[in-house]
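Notes follow the structure.
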Amino acid sequence: MTADLVLRHVTVVDPVTETVTPERAIRIGAGRITAVEADPGDAAGADEFDATGLFAVPGLIDCHVHVTAVSADLGSVADRSPAYVAAQASHLLADMIARGFTSVRDVGGADFGLAAAVSQGLFAGPRIFFGGKALSQTGGHGDLRPEGRDVHDQHYAVPGLGRVCDGVDEVRRAARDEIRRGAHHLKLMLSGGCASHTDRIDSLQFSDEEVRAIVQEAAAANLYTAGHAYTAEAVNRGLELGVRTIEHGNLLDATSIELFLRHNAFYVPTLVTYQALLEQSRELGFTDEQYTKVVKVTENGFEALRLADAAGVRIAYGSDLLGAMQSRQSEEFTLRGKVQSPGAVLRSATTVAAELLRQEGSLGVLAPGARGDVVLARGNPLDDLDVLASPVSGVAAVVQGGAVRVRR
């Protein structure tokens with residue numbers, strides 16, 4: 001069988017076994033890997049990619065992005081032209097794939113249009129697994145109106161990250177509408193957040209009945225729910241009510257860990273966004289209340305990750321950066337490496353992330369049948385995560401679906 005692309009003389013990194021195998025050839029045809037085999041040993045041909053000295057890892061996956069968050073002032077994004085936001089998002093997406101992220105899960109903002117633009121080659125970028133607009137109660141983390149504004153424009157073309165719904169009937173209707181629009185999952189706000197003005201970090205959002213209704217609608221469509229939560233109370237409540245992935249979770253505790261394991265749920269920490277917000281919050285115009293919230297969750301983020309990692313919770317890679325801060329997406333590797341082993345961090349962005357996306361065997365692995373997504377690094381990330389944390393110097397090439405998207 002003729003391959004569309006052959007990577008020659010490459011060293012293959014297996015995130016699961018944490019082994020490296022030199023002198024391999026990776027053959028990709030029709031967008032998928034057809035073989036990973038011993039290299040023939042001769043010189044690479046003119047129509048082959050000579051990867052001598054490079055390490056092949058599966059295409060990276062970020063499980064928590066907002067590609068339409070073109071500004072850290074999320075409230076202002078809803079007032080911008082949808083065409084302008086899409087144009088800005090195209091640049092953010094191109095930057096993501098240049099860092100080695102060949103797939104992302106957008107948990108608030110991206111829709112079927114952006115996903116199709118990437119899929120059809122109109123935009124360069126990672127394939128998008130989107131949830132549409134995140135579901136929020138009035139005054140919740142997805143309600144970005146300032147205190148003095150009453151009107152909330154619910155028109156779906158408004159490029160905000162969330163939609164407001166209250167009561168069981170409304171949340172069912174909103175959930176069904178996101179599913180109708182092609183959502184791969186449903187996102188809901190279980191607690192307050194840092195970027196929003198009017199809700200406390202320790203608030204609990206949506207009633208039990210509302211959360212159950214959203215979870216039920218997702219399950220009925222063979223989808224799942226992702227829950228934004230910070231405190232142990234919010235995390236635990238979400239897990240007990242059937243939410244499958246917990247985003248952030250900086251203030252979780254040992255009782256939360258027990259529930260993660262009991263429900264076989266996923267944890268998606270997002271450490272880098274707080275580091276970025278701490279350093280840039282003043283220039284971003286954050287209020288004292290917002291800054292205090294960022295400090296609180298930053299101090300506890302590493303301990304939450306340590307607890308989850310030690311217990312064997314399934315942990316996926318997430319960044320959650322906003323606006324220009326999205327350039328720091330790869331720094332999450334460095335921060336995770338302060339707590340986890342390089343192998344665990346690499347799995348979080350490959351095999352565990354693929355499992356979260358229900359894409360086992362298709363994403364996150366270098367094996368026959370998987371999509372032809374390969375990052376060619378200049379070093380072994382199992383020895384040094386900096387090769388992924390600093391992609392401009394550490395990543396030599398990015399292959400997506402058998403096509404070389406980036407080559408340095």
| remark: Log entry: pair-distance distribution for the stretch 17-64, C-alpha pairs binned every 5 Å from zero, whole % per bin is 5, 14, 25, 27, 17, 8, 4, 2, 0
| field | the stretch 1-155 pair-distance distribution - Cα-Cα, 5 Å bins, rounded % | value | 2, 8, 14, 16, 13, 12, 10, 8, 6, 5, 4, 2, 1, 0, 0
| message | Need the list of lysines near K187 for cross-linking: C-alpha distance under 18 angstrom, and skip anything on the same chain fewer than eight residues off. | response | K133
| When each pair of different Cα atoms in the stretch 248-369 is counted once in the 1/r mean, what is the Kirkwood radius in angstroms, to one decimal? | 15.3 Å
| query | How far is helix 271-280 tilted, in degrees, relative to the longest principal axis of the Cα atoms in the chain, given as a value from 0 to 90 rounded to the nearest 10? | reply | 70 degrees
| task | Work out how far the C-alpha atoms of the chain reach from end to end along every principal axis, then list the three figures in whole Å, largest first. | result | 70, 44, 44
| note | Rounded to one decimal in nm, the spacing of the 7 Å Cα→Cβ label points at L122 and A46 is 3.8 nm
| Efficiency of FRET from Cβ geometry, S71 and D288, R₀ 22 Å, rounded to 0.05 | 0.60
| query | Over the stretch 180-235, what relative contact order in percent results from Cα pairs under 8 Å that are six or more residues apart? | reply | 48 percent
| note | Residues meeting the amide H criterion for F130 (H placed from the backbone, H to H distance under 5 Å, 5 or more places apart or on another chain) are D106, H184
| note | Counting only protein heavy atoms and rolling a 1.4 Å probe, one gets per residue an accessible area for the chain in Å² of 38 Å²
| Of the peptides 267-275, 94-102, 352-360, how do they stack up when ordered by the mean number of other Cβ atoms within 10 Å, highest first? | 267-275, 94-102, 352-360
| said: How much length would be gained if the chain were fully extended between R173 and D79, taking 0.36 nm per residue of separation minus their Cα-Cα distance, in nm to one decimal? | reply: 31.4 nm
| request: Can you tell me the FRET efficiency between D208 and H91 if r is taken as the Cβ-Cβ distance and R0 is 35 Å, rounded to the nearest 0.05? | output: 0.25
| What FRET efficiency comes out for the pair A157/E23, r = Cβ-Cβ distance, R0 = 51 Å, nearest 0.05? | 0.45
| request: Over all alpha-carbon pairs of the stretch 95-140, lay out the pair-distance distribution in 10 Å bins, whole %, shortest bin first. | output: 27, 48, 16, 8
| said: Rounding to the nearest 10 and keeping the result within 0 to 90°, find how far the Cα-based axis of helix 167-180 lies from the longest principal axis of the chain. | reply: 30 degrees
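The values are calculated or read from the model by the stated rules, or taken from the named source; none is laboratory data. Being a predicted model, the structure only gives us computed values, none of them experimental. Note: ideal-geometry Cβ built from the backbone for every residue, glycine included; neighbour counts use all protein chains shown. All accessible areas refer to the heavy atoms of the entire protein, side chains included, with ligands and DNA or RNA removed. Shrake-Rupley method; radii C 1.70, N 1.55, O 1.52, S 1.80 Å.
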